[in-house]
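Novice: After the structure tokens below, expect a handful of questions from me.
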Amino acid sequence: MTEPRPRVWVSQPLFDDVIARLEEHFEVVSTSGVAEYTPEQISAALSKASGALVTLNERIGAEQIAAAPQLRAVANVGVGYNNLDIPALSRAGIIATNTPDVLTETTADFGFALLMATARRITEAERWLREGHWRQWSFRTMLGADLHGSTLGILGMGRIGQGIARRASGFDMRVLYHNRSRLPEAVEREVRASYVGFDALLAGADHLLLALPYAKESHHLIDARALLQMKPIATLVNIARGGIVDEDALADALAGGRLAAAGLDVFEDEPTVNPRLLALRNVVLTPHIASGSLATRRAMVSLAVDNLIAALGYGPNAGAPPNPIRA
Ligand code: 8YV
């Protein structure tokens with residue numbers, strides 16, 4: 001009698017042809033439609049699984065781990081992994097992996113696009129035109145802020161932050177950054193960015209872009225106090241995680257003219273968007289799509305599949321997944 005194959009759970013419909021690679025080794029349990037799970041449903045889905053391939057929507061913490069005695073590996077599709085309780089997974093001996101690098105350039109492209117749309121009021125202008133308000137050409141219609149010649153502040157100077165900085169130098173922007181640790185001088189020179197303290201970054205930026213990981217320490221880092229330090233002409237762009245920004249304080253600043261505009265791809269309570277932000281004209285809102293080019297989303301799933309196969313002890317990298325997350 002042949003041994004039953006280990007079971008892996010794939011939480012969302014991804015790309016069937018990429019996921020099919022898992023079927024060479026495992027019994028794959030997946031879903032045909034986009035699914036929203038309760039914590040209990042995630043526990044139930046993991047109860048007989050040896051591995052899981054999940055997205056940012058699926059939270060795996062102590063409760064799910066306790067319900068999953070056979071679970072040995074969780075492959076996250078995404079570079080951010082605040083949906084996973086890494087210390088708890090590590091204590092249980094479960095390998096967790098993510099998908100860095102493959103999404104860096106696509107996400108940096110999008111961050112830059114969102115910055116341009118926000119500073120130059122592109123979506124606001126389009127909505128205004130479609131709503132039939134454009135009756136006569138006027139010199140002062142939808143005046144925005146320049147990128148060229150301005151100062152870009154980047155909070156979080158990992159791979160994606162550095163990708164943004166490289167793009168900014170093509171636009172003749174001066175780049176300031178703040179990060180947990182300062183980059184080596186050679187990297188600073190290459191990306192043409194200068195390290196400053198957090199408060200100096202807030203005060204100096206004409207445009208502030210958030211590209212840092214979400215953690216307890218970064219929760220509401222951009223709060224009322226931080227927003228007050230920014231220039232009233234500044235724009236704020238968030239492609240990191242919604243919880244980094246206090247959305248009510250942001251809505252206050254935008255409504256009160258203490259900040260020119262915001263571009264947000266991420267939100268505290270996705271997919272719910274704070275109604276106060278929805279009501280403001282000077283906010284560009286996108287549904288967490290920064291890594292969403294077809295090629296990159298395929299590459300992310302493919303890398304997550306490689307990670308899961310290797311973490312469960314199969315394939316050419318058996319036992320050594322390319323992207324383990326260290327606790
Ligand atoms: C993903 C992201 O789309 O990589 C990340 O951290 O936020 C996005 O690129 C998301 O994580 C999918 O699970």
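Novice: Among the residues in segment 93-109, are any within 14 Å of the ligand (Cβ to nearest atom), touching a residue at least 60 places away in the same chain (Cβ under 8 Å) and part of a strand (DSSP E or B)?
Specialist: Scanning segment 93-109 turns up at least one residue that is within 14 Å of the ligand (Cβ to nearest atom), touching a residue at least 60 places away in the same chain (Cβ under 8 Å) and part of a strand (DSSP E or B).
Novice: Out of the residues in segment 42-66 that are touching a strand residue (DSSP E or B) at 6+ places or on another chain (Cβ under 7 Å) and of a type in the set (Gly, Ala, Ser), state the one that is farthest from residue 313 (Cα to Cα).
Specialist: The residue in question is 45.
Novice: A follow-up question, please. Residue 119 versus (1) among the hydrophobic types (A, V, I, L, M, F, W, C); (2) surrounded by fewer than 21 Cβ atoms within 10 Å (Cβ to Cβ); (3) away from the ligand (no atom under 16 Å from the Cβ): which is the lone unmet condition?
Specialist: (2)
Novice: Further question on the same structure: Which one is nearest to the ligand (Cβ to nearest atom), of the residues in segment 267-297 that are in a loop (DSSP other than H, G, I, E, B) and among the β-branched types (Val, Ile, Thr)?
Specialist: So the residue we want is 289.
Novice: A follow-up question, please. Restrict the check to segment 298-321 and report whether at least one residue is outside the structural domain of residue 161 (by TED's automatic domain parsing), closer than 13 Å to residue 99 by Cβ and assigned to a loop (DSSP other than H, G, I, E, B).
Specialist: Scanning segment 298-321, I find at least one residue that is outside the structural domain of residue 161 (by TED's automatic domain parsing), closer than 13 Å to residue 99 by Cβ and assigned to a loop (DSSP other than H, G, I, E, B), so the answer is yes.
Novice: Right, something else. Which one is farthest from residue 267 (Cα to Cα), of the residues in segment 172-214 that are aromatic (Phe, Trp, Tyr) and surrounded by 16 or more Cβ atoms within 10 Å (Cβ to Cβ)?
Specialist: 195
The rows are residues; the columns are (1) touching a residue at least 60 places away in the same chain (Cβ under 8 Å); (2) closer than 20 Å to residue 199 by Cβ.
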{"residue": "227", "(1), (2)": "no, yes"}
{"residue": "235", "(1), (2)": "yes, yes"}
{"residue": "247", "(1), (2)": "no, no"}
{"residue": "253", "(1), (2)": "no, yes"}
{"residue": "269", "(1), (2)": "no, no"}
{"residue": "272", "(1), (2)": "no, no"}
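Novice: Any residue at all in segment 133-156 that's within 16 Å of the ligand (Cβ to nearest atom), part of a loop (DSSP other than H, G, I, E, B) and within 14 Å of the chain's Cα centre (by Cα)?
Specialist: Yes; the residues of segment 133-156 include at least one that is within 16 Å of the ligand (Cβ to nearest atom), part of a loop (DSSP other than H, G, I, E, B) and within 14 Å of the chain's Cα centre (by Cα).
Novice: Does at least one position in segment 310-322 carry a residue that is within 12 Å of the ligand (Cβ to nearest atom) and at pLDDT 95 or above?
Specialist: Within segment 310-322, none of the residues are within 12 Å of the ligand (Cβ to nearest atom) and at pLDDT 95 or above.
Novice: Further question on the same structure: In contact with a strand residue (DSSP E or B) (Cβ under 9 Å, 6 or more places away or on another chain) and either touching a residue at least 12 places away in the same chain (Cβ under 8 Å) or away from the ligand (no atom under 16 Å from the Cβ) (or both), is that true of residue 239? Walk me through it before giving the result.
Specialist: On the way: in contact with a strand residue (DSSP E or B) (Cβ under 9 Å, 6 or more places away or on another chain): yes; either touching a residue at least 12 places away in the same chain (Cβ under 8 Å) or away from the ligand (no atom under 16 Å from the Cβ) (or both): yes.
Yes: the conditions hold for residue 239.
Novice: Being closer than 30 Å to residue 85 by Cα and charged (D, E, K, R): is that true of residue 159 here?
Specialist: Values: closer than 30 Å to residue 85 by Cα: yes; charged (D, E, K, R): yes.
When the stated conditions are applied, residue 159 passes them.
Novice: Looking only at segment 245-266, decide whether some residue is within 14 Å of the ligand (Cβ to nearest atom), in a loop (DSSP other than H, G, I, E, B) and either buried (at least 17 other Cβ atoms within 10 Å of the Cβ) or of a type in the set (Gly, Ala, Ser) (or both).
Specialist: Yes, segment 245-266 contains at least one residue that is within 14 Å of the ligand (Cβ to nearest atom), in a loop (DSSP other than H, G, I, E, B) and either buried (at least 17 other Cβ atoms within 10 Å of the Cβ) or of a type in the set (Gly, Ala, Ser) (or both).
Novice: If only one of 30, 43 is closer than 14 Å to residue 74 by Cβ, in contact with a helix residue (DSSP H, G or I) (Cβ under 7 Å, 6 or more places away or on another chain) and among the polar types (S, T, N, Q), which one is it?
Specialist: Just one listed residue meets the conditions, 43.
The values are calculated or read from the model by the stated rules, or taken from the named source; none is laboratory data. All figures in this text were calculated on a predicted structure; none of them were measured in a lab. Please note: Cβ atoms are built from the backbone with ideal geometry, for glycine as well, and neighbour counts cover all protein chains shown.
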